[in-house]
Amino acid sequence: MKTSELRKKYLEFFKKRNHTLFTSDNLVPGDASLLFTSAGMNQFKPYFLGEKKDITRATSCQKCLRTGDLERVGQTAYHHTFFEMLGNFSFGDYFKKEAIEFAWEFITKELKMNQKNLWVSVYREDDEAYNIWKDDIGVSEERIVKLGEESNFWPASAPSDGPNGPCGPCSEIFFDNGAGVGCGRSECNPDCSCGRFVEVWNLVFTQFNRVGVNKLEPLPQKNIDTGMGLERMAAVLQKVESNFQIDILAPVVEEVKSTLRVKDVSKENQGWINAIVDHARAATFAIADGVYPSNEGRGYVIRKIVRRALLKARGLGNKEPFLFKLPKRFAELMGDTYPEIKQKQNNISKIIASEEEKYFLAIKEGEVQANLIMDELSKAAKKEFPPEDVFRLYDTHGVPIEIIREFAQTRGFGIDEEKFEALLKEQQERSRKKSMFDTSIFKEGEVKLREKSQFIGYDKLEAKGKILKLFVNNVEVELIKNGEQGLIILDKTPFYPEGGGQLNDKGKISIKGGEFKVDKVFKVADAIVHQGFAISGEIKKSEAIISVDRARREALARAHTATHLLQAALRQVLGEHVVQQGSLVDEDKFRFDFTHFSRLVEQEIETVEKLVEKFIANADKVVKKELSLEDAKREGALAFFKDKYHNDVRMVSISDYSKELCGGTHINNTSEIEKFAIISESSISSGIRRIEASVGKDKSVSLLTRRKEKGEAKKALEEKKKADKERIVEVIANQEEEFISPKTGEVIELDNIKGINTLVRVFEPEASLKGSVSRAILILVDRIKEKIGSGIIFIATRGCEKDIFICSATNDIIKKGFDCKKFISESGKGLSLAGGGNDKKVQGVVQDRGDDFIDKVKEAISKFIKK
């Protein structure tokens, strides 16, 4: 049975049994507490919690992404980072008996699996489930296994280890591959991990609320949450030994094998190939859902997955990009079910290719850095790669520890990986602390707010309300005195609190006998808190007149609506892969962060700018309406994935080109924006770009000029850096032959001074290379030292804007008493040299040079050796 048929059969089976069919949720869930959608039940959380009650049964095939088993992917036949989970759910409707009956009927009648090959497990204390399987279903007692809470409870080990909250026992269905598979023990059962038994379906009976260690209370609403691994069941039905041999994965496995020219398909090599296929599929689907490789959050996970795939490929001998070719195959195999990967295939491939290029560049630069470090270590006769340098290569240059280890082993160096791990943990702890910030002055445990403030500011800028609470210095008070700073909580307010990237409103709160200026507004739980100070009289709990600064509100609304227009324009010009990643909306100006894998050229910026101006000129209505989250998704509204959305949402629509979920304030017509100009475009991390723009007044010409000047300067700097790198390579290529014979590989024009090999040379680089010679000469000197083996090197330039010199000596010469730093200190004045360094190497400038400069240097070296 093909995977597509299995998927279809399952969903139709439960649809006929009054289950509402849901399409797969995005891999980035609306629930901000989750990094990725990791289970079928994620999108049904409001139903499990009783917050939504419009349906009582549901079914879905959910695309999922988990990294908890990342190390096991490829090592086993069944583990994945990306997978599909078939599920049926009951919200206070049917329970254990019906769930078990549905599962057994589907497996034995729809899929026609032999009952003799099926085993089940139950929680050891769940006699109810045990008896249903034994008495109602007719499974023999020998094939029903009772297991502990670590295996058959959700969450695992919840009764003893927690967390508190909804939980319940599980019952799992296993397929028996037969006694010829696995450990071969006669007593082998589903509790054994040998591979004989494959878990294909897990039935979770959510019936308890954990309130303490082994304290379980019955839930008023009992729920069913089941999960059948699509790939696992497909492997069983298609009679293959591994998920990677099923119809939607096997062709990609073969393509990877062919692309990487793998002839020796050992167990280890096959595992690496399987992992590559899995990781490529995970990246393909994540990017399709708007998650780009980057250095933080979800993007970091995808970058890590891509780089793990490339690392596995390196183990198979590959050292060039190839993953970017695979999205096309996944689109062919799975695009009918998930059209987003077919629609976005080209962009997905470009993004993966860009990430691969970054990776290989990091490896190349890391290898150069590693060799320079090891060169210095070799001179000091050391064979241990310093953990600080290992960490720098890993953290700054992005070189995986496995590849650093490879660099080191190639040259006989060891790595103290325990110290490296300690440095890594320190850095992770610093990052964790840095990310922990207090979002308001109400610290956890200090002030508990139970008040609810009604926001009425979409249509009103002035209103009457009631002051519920007052605070000064985080302490609740009865009044705020004149000139005193404090906080006010109202029962209702037109003040928009900072959120969704939009800055807060400002204004004033007036009562009889006092006035309070509002500078900051934020939410704590369901309360809207107004921060500011009393500018007259005293502020007490009473009725109040609440007034929002109209000019600021209008300026914020103009800028916020402009971000929607900008996103619509970017998606039209660059592609639908563009998704908002963050924003900061201020008065008549904003910044907008979005997914895109390359710098915008000036023509693209101008096209985007003109398209936004067209939207403004169209004078399109800005429509806001309240609707359910499901309805908004069905209408195709874009969601900002870092936000947490409730069941009822606000959708902002503009003509047919913009539709977004947004709780911010907006204008009523695009013409109110007046003017729009992009100030700058830049990168803030890999795959994430930032645009800063201005709206409102007629200053677009000056802003455009400023942007162009800034862009031209930046471009010139980038081109200079690129040219410098290219010139360094060119200098080395052009000048190395002046010092080392390409035929013999020996150093040319070596002198013997007092029994020591000595090279004293002055050379004049080509005119186009003079600006880069200083960095190139350092590399040349190190290469010459390797060729000499033992000796002294003195090289100076001629004809450069600032001529330089380098004096260096090998370790054995240093041990015999030659000191480069001391030599220049004593002889430099007579040779018109000035520089600094250490005993092994000194570099500096040549202040003056006569025709006999080389002879003078040789004479000075000879005299110094005598000493």
**OP:** Kindly provide the set of residues from segment 579-604 that are buried (at least 20 other Cβ atoms within 10 Å of the Cβ) and either of a type in the set (Phe, Trp, Tyr) or not in a strand (DSSP E or B) (or both), ordered by number.
**Re:** Val579, Asp588, Phe590, Phe592, Phe594, His596, Phe597, Leu600
Subject >> Candidate set from segment 540-572 (those that are small (Gly, Ala, Ser) and touching a helix residue (DSSP H, G or I) at 6+ places or on another chain (Cβ under 6 Å)); member that is surrounded by the most Cβ atoms within 10 Å (Cβ to Cβ) >> reply: Ala562
Subject >> Gly501 being at positive phi and crowded, with 21+ Cβ neighbours inside 10 Å >> reply: yes
**OP:** Test Glu478 against the criterion of being exposed (fewer than 15 other Cβ atoms within 10 Å of the Cβ), modelled with pLDDT under 90 and outside the structural domain of Asp588 (by TED's automatic domain parsing), and give yes or no.
**Re:** no
Subject >> Lone qualifier among Val139, Val145, Val181 - being surrounded by 12 or more Cβ atoms within 10 Å (Cβ to Cβ), in a strand (DSSP E or B) and either more than 39 Å from the chain's Cα centre (by Cα) or in contact (Cβ under 8 Å) with a residue 12 or more places away in the chain (or both) >> reply: Val145
Original post:
What about Lys523, is it closer than 30 Å to Gln580 by Cα, at pLDDT below 95, outside the structural domain of Gln580 (by TED's automatic domain parsing) and among the charged types (D, E, K, R)?
Top reply: yes
Subject >> Single condition Leu831 does not satisfy, out of (1) over 26 Å from Ser741 (Cβ atoms); (2) modelled with pLDDT under 90 >> reply: (2)
**OP:** Filter segment 629-647 down to residues that are out of contact with any strand residue (DSSP E or B) (no Cβ under 6 Å at 6 or more places or on another chain) and outside any loop (DSSP other than H, G, I, E, B) and give me whichever is modelled with the lowest pLDDT.
**Re:** Glu630
Original post:
Any residue in segment 66-74 that is in a loop (DSSP other than H, G, I, E, B), over 22 Å from the mean Cα position of the chain (by Cα) and either surrounded by fewer than 22 Cβ atoms within 10 Å (Cβ to Cβ) or assigned by TED's automatic domain parsing to the domain that holds Pro166 (or both)?
Top reply: yes
Subject >> Residues of segment 257-310 satisfying the condition of being of a type in the set (Val, Ile, Thr) and over 16 Å from the mean Cα position of the chain (by Cα) >> reply: Thr259, Val262, Val265, Ile273, Ile276, Val277
Original post:
What residue, among those in segment 542-578 that are in a strand (DSSP E or B) and among the β-branched types (Val, Ile, Thr), is farthest from Gly500 (Cα to Cα)?
Top reply: Ile545
Original post:
Here are some residues: Lys364, Lys344. Which one is without any contact (Cβ under 8 Å) to a residue 24 or more places away in the chain and not hydroxyl-bearing (Ser, Thr, Tyr)?
Top reply: Lys364
Original post:
Considering Ala562, Ala534, which residue is outside the structural domain of Ala288 (by TED's automatic domain parsing) and either under 33 Å from the mean Cα position of the chain (by Cα) or under 18 Å from Asp656 (Cα atoms) (or both)?
Top reply: Ala562
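Rundown of residues vs (1) crowded, with 21+ Cβ neighbours inside 10 Å; (2) among the hydrophobic types (A, V, I, L, M, F, W, C); (3) assigned to a strand (DSSP E or B), yes/no style:
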| position | (1), (2), (3) |
| --- | --- |
| Gly168 | yes, no, yes |
| Ile173 | yes, yes, yes |
| Arg185 | no, no, no |
| Cys192 | no, yes, no |
| Val200 | yes, yes, yes |
Subject >> Candidates Phe82, Phe106, Phe102, Phe175, filtered to the one that is over 30 Å from Asn214 (Cα atoms), in contact with a Leu (Cβ under 6 Å, 6 or more places away or on another chain) and in contact (Cβ under 8 Å) with a residue 12 or more places away in the chain >> reply: Phe82
Original post:
Taking segment 809-867 on its own, how many of its residues are of a type in the set (Val, Ile, Thr), outside any helix (DSSP H, G or I) and touching a residue at least 60 places away in the same chain (Cβ under 8 Å)?
Top reply: 1
Original post:
Looking at this structure, is Ala158 crowded, with 19+ Cβ neighbours inside 10 Å, under 33 Å from the mean Cα position of the chain (by Cα) and either among the aliphatic types (A, V, I, L, M) or not assigned by TED's automatic domain parsing to the domain that holds Met334 (or both)?
Top reply: yes
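Residue-by-condition table, conditions (1) of a type in the set (S, T, N, Q); (2) within 21 Å of Leu147 (Cα to Cα); (3) surrounded by fewer than 21 Cβ atoms within 10 Å (Cβ to Cβ):
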{"site": "Met85", "(1), (2), (3)": "no, no, no"}
{"site": "Phe95", "(1), (2), (3)": "no, yes, yes"}
{"site": "Lys109", "(1), (2), (3)": "no, no, yes"}
{"site": "Met113", "(1), (2), (3)": "no, no, yes"}
{"site": "Asn117", "(1), (2), (3)": "yes, yes, yes"}
{"site": "Glu128", "(1), (2), (3)": "no, yes, yes"}
Original post:
Inside segment 324-367, can you point out the residues that are in contact with a Gly (Cβ under 6 Å, 6 or more places away or on another chain) and among the aliphatic types (A, V, I, L, M)?
Top reply: Ile341, Ala362
Original post:
Restricting attention to segment 605-628, and to residues there that are under 28 Å from Ala353 (Cα atoms) and out of contact with any strand residue (DSSP E or B) (no Cβ under 6 Å at 6 or more places or on another chain), which single residue is surrounded by the most Cβ atoms within 10 Å (Cβ to Cβ)?
Top reply: Val608
**OP:** Might you check whether a residue that is modelled with pLDDT of 95 or more and under 36 Å from the mean Cα position of the chain (by Cα) occurs anywhere in segment 424-434?
**Re:** no
Original post:
Quick check: anything in segment 622-641 on the phi > 0 side of the Ramachandran plot, without any contact (Cβ under 8 Å) to a residue 40 or more places away in the chain and under 28 Å from the mean Cα position of the chain (by Cα)?
Top reply: yes
Original post:
Condition test on Arg210, is it assigned to a helix (DSSP H, G or I), among the basic types (Lys, Arg) and surrounded by 19 or more Cβ atoms within 10 Å (Cβ to Cβ)?
Top reply: no
**OP:** Taking only segment 287-333 into account, find how many residues are among the acidic types (Asp, Glu) and closer than 24 Å to Val579 by Cβ.
**Re:** 2
Original post:
Can you find even one residue in segment 725-739 that is modelled with pLDDT of 90 or more and of a type outside the set (A, V, I, L, M)?
Top reply: no
Subject >> Filter pass, Ser542 being more than 33 Å from the chain's Cα centre (by Cα) and in contact (Cβ under 8 Å) with a residue 12 or more places away in the chain >> reply: yes
Subject >> Filter result for Lys45 (modelled with pLDDT of 95 or more, surrounded by fewer than 22 Cβ atoms within 10 Å (Cβ to Cβ), touching an Asp or Glu at 6+ places or on another chain (Cβ under 7 Å) and more than 22 Å from Thr3 (Cβ to Cβ)) >> reply: no
Subject >> Options Leu566, Leu570, Leu584: the member that is more than 30 Å from Asn482 (Cβ to Cβ) and at pLDDT below 95 >> reply: Leu584
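The values are calculated or read from the model by the stated rules, or taken from the named source; none is laboratory data. If you're wondering where the values come from, they're calculated on a predicted model, not measured in any experiment. Glycine also receives a Cβ, built like all others from the backbone with ideal geometry; neighbour counts cover every protein chain displayed.
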